[in-house]
Structures are given as C-alpha cells and as structure tokens.
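Working notes, beginning with the structure itself.
The values are calculated or read from the model by the stated rules, or taken from the named source; none is laboratory data. As the structure is a computational prediction, the values presented were derived from the model and not from experiment. Reconstructed Cβ throughout: ideal geometry from the backbone, glycine too, with neighbour counts over all protein chains shown.
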Amino acid sequence: MKNIGIIANPFSGRDIRRFTSFAFSVTNPEKENMVTRMILSLQAFDVDNIYLMPDSYRLNSNIVAKVLSTHGAKNNIHIIDTVFPIDKPQDTIDSIKEMEKLGVQVLIVMGGDGTNRLAAKATKNIPIIAVSTGTNNVYPTFSEGTSVGTAAAFIATYGYDIPGIIRDKQLEIYVNGEFKDIATVDVLICKNPFTGSKAVWKIEEIEDIMVCRTRSVAIGFSSIIGCQVFCNDDDDFGWRTIVGRGDVKIRPQFEPGKIVPMQVEAPQKLELDKPYVFKKDYNGTIALDGERTVAFKAGDEIAVKVTRDGPLRAELATVMNEAVRRGFFKL
C-alpha cells in the first residue's frame, strides 16, 4: 500500500510580519489549488490512500471537494477523523502522529518554518517534503504541487534508501538541564520576556542568534549569519553570533524589502553535539524559527546544541532526478 499524508496549514503566512514588511503569503484558496495539484499527481501514480489534517477553516474539506469535482479523480482521500481541531499548533502534531499510525510513507508539509518545525517534532521516521507558503522561510522551498506529488509517489514506491533523503540537523534547547524544544533553522535569545504574538520582528529585542543552516538567498534572522558564512544541510556544524556589539558591520536581508545595517560579533562555529551554554541577567524568551516559544528567567542556564537527530527530509530535485534514472515515468 502506498499512503501519503499532507499537512496544509490554514494559518501559515498570517503572522504580524505581513503588516511590518512587504512579505507575502499564499492565500488559502491558492493552497487549495496547490494541494489539489499534488493529489491529482499522486493519483496518477496510483497512490492508494491520501490523508489530510482536519481544520475548522474547512481548508482541507474544500480541497477534498475540489479534487472530487475533477473529472477522473479517485475517491481515495481521507481527512483524519481522530483529531478534533482546536486551531492550535497541536493540531499539526496530533494529525502527523495519527498519519504515522495509519502507515503514511511520505509527509508533504505545506507551510512556513514554524509548521515544518512542528512536523520535525512530530515524526523522525517519515520523510518530509517541505513546501513553502511564505517569504521568510529557510527550511521549506517553493515547489510546484504536481512535482511534489510525483516525488512523494516515487518515494512511496521505492522506499527511503534513495538519493535525496537525508537525516536533518536540528537545534535542541535546554533550560537548567531540562530539554525544552527544537528548531530547524535558528534560535534567537530575546530580551522580550513575553511570547505575545510569538513572531519576532524587532531586531533590538535580539541578543544571541544560533543557526544550524543558512542560505545565501534567505531572508530573515538566519541571514544575519548567512550573509557572512555558509552552513549547508550536509555541514555537521552550526554558527552563533551576538547582535549589537562586535567589530563586524553587515547589511543582512532582515525582512522582505528591508536591508538593516547592524553591528555583530564574528560568527563562532558550533560543533555537532557540543552544547553552547550561557546565562542571561534578564528575563527573556527563546524564539524558535522566528517565534517566541520558551521563556527563561535571569540566571537560568541555557544550552543550545546542534545535532543530527532531526527529521528525514526529501530534497525535491535530487529525488526527481533519481525518478528519471529509475524510469519511474515510463508506462
């Protein structure tokens, strides 16, 4: 049986940064079109079952209706009925855990860095195809839904031992020796002690930045390090820097349409599995992939560690190239 799970987050791309910059997001109607193309592609390659997460905005039920109204579409789509949506991040985590129980072999995650961070928390065993629905994303990438569906069908057919599926890095966060959470891109130490709207958008609130991956074309907090050094997916290390002091002056791509001159310390390499431990003399929050999530008090011991214990991730172009080599498109 070939089973595919799709996480289409109706809330992705709707945070405060859409009001503080020129960022754009993919609307829910466009998400419906994108997922419909994924599903039609999956059905063309004879996937047996397709599972969607439930949501109170009816995004996923609209997708099902749209697919079934298409001539020749198959009725093999299921919305998870064991999760009652509460319009919280837990919906994503619970849905993925249920999909894992149902034997899903590939997980398509459509959202931003935040949605993909939740997916990384929910499963370490199912390859993720991360599809971006916004501007400030580093982990997911913009991809055509048809190709995403084809790649997922190929993985479900041939298994995980193919080029393009890697065990990802992640950042692990500990406070006073207790594990708290993970990030897939960056960790920010913020002077703001309140989570509030979660999204970080004021650079003056940030003191420390740690990353486990950067992209030279990326926009956002990771670009503060990414405009100075490289940290690719296959590099077994990360980087950290301090904002607001140091001898390095840079002009990173902080937000869409916004280049911010700033002063930072030269990046310091974070070796794999070696914790970076520090304390702060103020109450603050730790932002994970741009969202304030973990609170700490003055004097708490904070540790951040880069590991290779992240999720399995499918790199779309590499997987599709392998599909061509193996004759997947031949009838």
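When Ala317, Ala298 are checked against the criterion of being of a type in the set (A, V, I, L, M, F, W, C) and under 22 Å from the mean Cα position of the chain (by Cα), a single residue qualifies: Ala317. Looking at Thr123, is it within 26 Å of Asp46 (Cβ to Cβ), touching a strand residue (DSSP E or B) at 6+ places or on another chain (Cβ under 8 Å), surrounded by fewer than 24 Cβ atoms within 10 Å (Cβ to Cβ) and not assigned by TED's automatic domain parsing to the domain that holds Gly257? The answer is yes for Thr123. Every listed requirement among (1) surrounded by 17 or more Cβ atoms within 10 Å (Cβ to Cβ); (2) of a type outside the set (Gly, Ala, Ser); (3) under 21 Å from the mean Cα position of the chain (by Cα) is met by Val64 save one, (3). Taking first residues from the stretch 143-172 that are in the same structural domain as Asp236 (by TED's automatic domain parsing) and of a type in the set (Gly, Ala, Ser) and partners that are modelled with pLDDT under 95 and not in a strand (DSSP E or B), no Cβ contact under 9 Å between residues at least 6 apart in sequence or on separate chains turns up. The condition of being of a type outside the set (Gly, Ala, Ser) and not in a loop (DSSP other than H, G, I, E, B) holds for only one of Ile86, Ile63, that being Ile63. Any chance you could count how many residues in the stretch 283-323 are surrounded by fewer than 14 Cβ atoms within 10 Å (Cβ to Cβ), touching an Asp or Glu at 6+ places or on another chain (Cβ under 9 Å) and in contact (Cβ under 8 Å) with a residue 40 or more places away in the chain? Count: 1.
When we screen Arg245, Arg213 for residues that are crowded, with 21+ Cβ neighbours inside 10 Å, charged (D, E, K, R), out of contact with any Leu (no Cβ under 6 Å at 6 or more places or on another chain) and on the phi < 0 side of the Ramachandran plot, the only hit is Arg213. The set of residues in the stretch 304-331 being within 17 Å of Leu107 (Cβ to Cβ) and part of a strand (DSSP E or B) consists of Leu312, Arg313, Ala314. Only one of the listed residues (Thr157, Thr195, Thr214) is within 19 Å of the chain's Cα centre (by Cα) and among the polar types (S, T, N, Q). That residue is Thr214. Among the criteria (1) of a type in the set (Ser, Thr, Tyr); (2) surrounded by 20 or more Cβ atoms within 10 Å (Cβ to Cβ); (3) touching a Lys or Arg at 6+ places or on another chain (Cβ under 6 Å), the one Ser222 does not fulfil is (3). Of all residues in the stretch 34-60, those that are part of a helix (DSSP H, G or I), of a type in the set (A, V, I, L, M) and touching a Leu at 6+ places or on another chain (Cβ under 7 Å) total 0.
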